[in-house]
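Chemist: Below you will find the structure I want to go over with you.
The values are calculated or read from the model by the stated rules, or taken from the named source; none is laboratory data. The model shown is predicted, which means the values in this text are computed figures rather than measured ones. Glycine also receives a Cβ, built like all others from the backbone with ideal geometry; neighbour counts cover every protein chain displayed. The accessibility values were calculated without ligands, DNA or RNA, using every heavy atom of the protein model including side chains. Shrake-Rupley method; radii C 1.70, N 1.55, O 1.52, S 1.80 Å.
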Amino acid sequence: MTKQQLIIDTDCGVDDALALLMALADPNVEILGITCVSGNVALPKVLNNVGRVLDAVGAGPIPIFRGASRPLLMAPYHADEVHGDDGLGDAGFPDTARRPADEPAALAIVRLARAHPGATLVPLGPLTNVALALAIEPDLPRLLGGTVLMGGAFKGTGNSSAAAEFNIYADPEAAALCFDRGLDPTCLDWEVTMATPLLWPVWDRLMAAGPIGGRFVGPMNLSLTERTRGRARPGILMPDPLAMAVVLDPACATSIRAAVAVDTGHSAARGMTTHDRTWHPAPPNATIVTSVDADRFAALVERACALPCLL
Ligand code: BDR
Ligand code: CA
């Protein structure tokens, strides 16, 4: 059986890390490269965190690429209040000795897509690297087998602003370019994330499923889970792992075609993703995931948590 080939673009915080582990745990997946972008934390921390995830499971030499250290036009925007100062929950994991390749991330995305037609691009952070890759190679969408990204809030319930989700809000110009230039992504958004928490009894079971759960994923999320439990939420939200579930098990998701636009203005709607539901909508340019099967999602997380831990 030929493996599903992935190019993963990440701003590696705690949920990106779990999404990477889900891909690493799938025997039918080959990760061609991991491209890094400023987002949850600054780029040097993102590069370190990707290496730490690979170190934790003793992964082979998967290439890591240095990407954009800031959005296309705006100042860097981070989310360390969610992910910790180091981006992995300040759990004290050792720094990695893995070093990024010399090739810039946007060029690596283009090269890997040309060399491996049909590969799936999985953006889990702000879309800066992907926009740069699209600018370099307008045919990128036709080289790829598809793109599955975490981003957006198609009913207007944001997490970075009232209307905007973090990955889009952090670089709206890059996101607008991606939707406008034919990337045609499948989008797992913040509202589906809110509708699909890992409920506390499930989370506790998953963290006990094996070494990576107990010694890496659990500690990395300790601060976040304590604060979330303190707010009496029913469970923890894991956006990037949900997007990875759509990649690894497409049948776990229901979806619709949609015409999506990104607000790049400087009002309260900056970074908002609109879904045209008028009588005469624009032609579809994206697929929006509308639900994910919670049990199938948890099964993929459980397989990741059962991985061995070398830390
Ligand atoms: C997205 O923003 C980041 O904080 C997460 O890693 C995820 O990609 C959720 O809005
Ligand atoms: Ca992310």
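Chemist: Among the residues of region 65-76, count how many are in contact with a helix residue (DSSP H, G or I) (Cβ under 7 Å, 6 or more places away or on another chain) and surrounded by fewer than 21 Cβ atoms within 10 Å (Cβ to Cβ). Walk me through it before giving the result.
Modeler: Of region 65-76, the ones in contact with a helix residue (DSSP H, G or I) (Cβ under 7 Å, 6 or more places away or on another chain) are 65-69, 71-73.
In the following step, the residues that additionally are surrounded by fewer than 21 Cβ atoms within 10 Å (Cβ to Cβ) were identified as 69, 72-73.
Residues flagged as in contact with a helix residue (DSSP H, G or I) (Cβ under 7 Å, 6 or more places away or on another chain) and surrounded by fewer than 21 Cβ atoms within 10 Å (Cβ to Cβ) within region 65-76 amount to 3.
Chemist: Just give me the residues in region 142-157 being more than 18 Å from residue 118 (Cα to Cα) and away from ligand 2 (no atom under 15 Å from the Cβ), in sequence order.
Modeler: The first filter runs over region 142-157 and keeps only residues more than 18 Å from residue 118 (Cα to Cα), leaving 150-157.
The answer is 154, 155, 156, 157.
Chemist: Out of the residues in region 180-200 that are out of contact with any Pro (no Cβ under 8 Å at 6 or more places or on another chain) and of a type in the set (A, V, I, L, M, F, W, C), which is surrounded by the most Cβ atoms within 10 Å (Cβ to Cβ)?
Modeler: Our first condition is that a residue be out of contact with any Pro (no Cβ under 8 Å at 6 or more places or on another chain); within region 180-200, this holds for 180, 186-187, 189, 191-192, 194-196, 198.
Restricting the remaining residues to those that are of a type in the set (A, V, I, L, M, F, W, C) gives 187, 192, 194-195, 198.
Details: 187: 29, 192: 26, 194: 14, 195: 14, 198: 24.
The qualifying residue surrounded by the most Cβ atoms within 10 Å (Cβ to Cβ) is 187.
Chemist: What number goes with the only condition from (1) touching a Leu at 6+ places or on another chain (Cβ under 8 Å); (2) within 15 Å of ligand 1 (Cβ to nearest atom) that residue 80 does not pass?
Modeler: (1)
Chemist: Working only within region 259-278, note down all residues that are assigned to a strand (DSSP E or B) and out of contact with any Phe, Trp or Tyr (no Cβ under 7 Å at 6 or more places or on another chain). If you could, list the steps in order and put the result at the bottom.
Modeler: Taking region 259-278 and keeping what is assigned to a strand (DSSP E or B), we get 260-262, 273-275.
Correct list: 274 only.
Chemist: Go through the residues of region 31-51 one by one and say whether even a single one is within 15 Å of ligand 1 (Cβ to nearest atom) and farther than 25 Å from residue 172 by Cβ. Explain how you work it out, then say what you get.
Modeler: Of the residues in region 31-51, the ones within 15 Å of ligand 1 (Cβ to nearest atom) are 34-43, 45-46, 49-50.
From what is left, the residues that are farther than 25 Å from residue 172 by Cβ are none.
No.
Chemist: Keeping to region 212-253, report how many residues are of a type outside the set (Lys, Arg), more than 16 Å from ligand 1 (Cβ to nearest atom), part of a helix (DSSP H, G or I) and open to solvent by 50 Å² or more (accessible area, probe 1.4 Å).
Modeler: Taking region 212-253 as the starting set, the residues that turn out to be of a type outside the set (Lys, Arg) are 212-214, 216-226, 228, 230, 232, 234-253.
From what is left, the residues that are more than 16 Å from ligand 1 (Cβ to nearest atom) are 212-214, 216, 218-219, 222, 226, 230, 232, 234, 248-253.
Within this subset, residues satisfying the condition of being part of a helix (DSSP H, G or I) are 212-214, 216, 218-219, 222, 226, 230, 248, 250-252.
Right, trim to open to solvent by 50 Å² or more (accessible area, probe 1.4 Å) and you get 222, 226, 230, 250-251.
Of the residues in region 212-253, 5 are of a type outside the set (Lys, Arg), more than 16 Å from ligand 1 (Cβ to nearest atom), part of a helix (DSSP H, G or I) and open to solvent by 50 Å² or more (accessible area, probe 1.4 Å).
Chemist: Considering only residues that are open to solvent by 70 Å² or more (accessible area, probe 1.4 Å) and among the basic types (Lys, Arg), which ones fall in region 90-108? Explain how you work it out, then say what you get.
Modeler: Keep residues of region 90-108 that are open to solvent by 70 Å² or more (accessible area, probe 1.4 Å), which gives 90, 94-95, 97, 99, 102, 107.
The one that is open to solvent by 70 Å² or more (accessible area, probe 1.4 Å) and among the basic types (Lys, Arg): 99.
For every residue, the table says whether it meets (1) surrounded by 21 or more Cβ atoms within 10 Å (Cβ to Cβ); (2) within 14 Å of ligand 1 (Cβ to nearest atom); (3) farther than 23 Å from residue 273 by Cβ.
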| site | (1), (2), (3) |
| --- | --- |
| 123 | yes, yes, no |
| 126 | yes, yes, no |
| 134 | yes, no, no |
| 141 | no, no, no |
| 151 | yes, yes, no |
| 154 | yes, yes, no |
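Chemist: Scan region 162-179 for residues that are open to solvent by 30 Å² or more (accessible area, probe 1.4 Å) and not charged (D, E, K, R) and report the count.
Modeler: Taking region 162-179 and keeping what is open to solvent by 30 Å² or more (accessible area, probe 1.4 Å), we get 162, 169, 173, 177.
Imposing the further condition that a residue be not charged (D, E, K, R) reduces the set to 162, 169, 177.
Result for region 162-179: 3.
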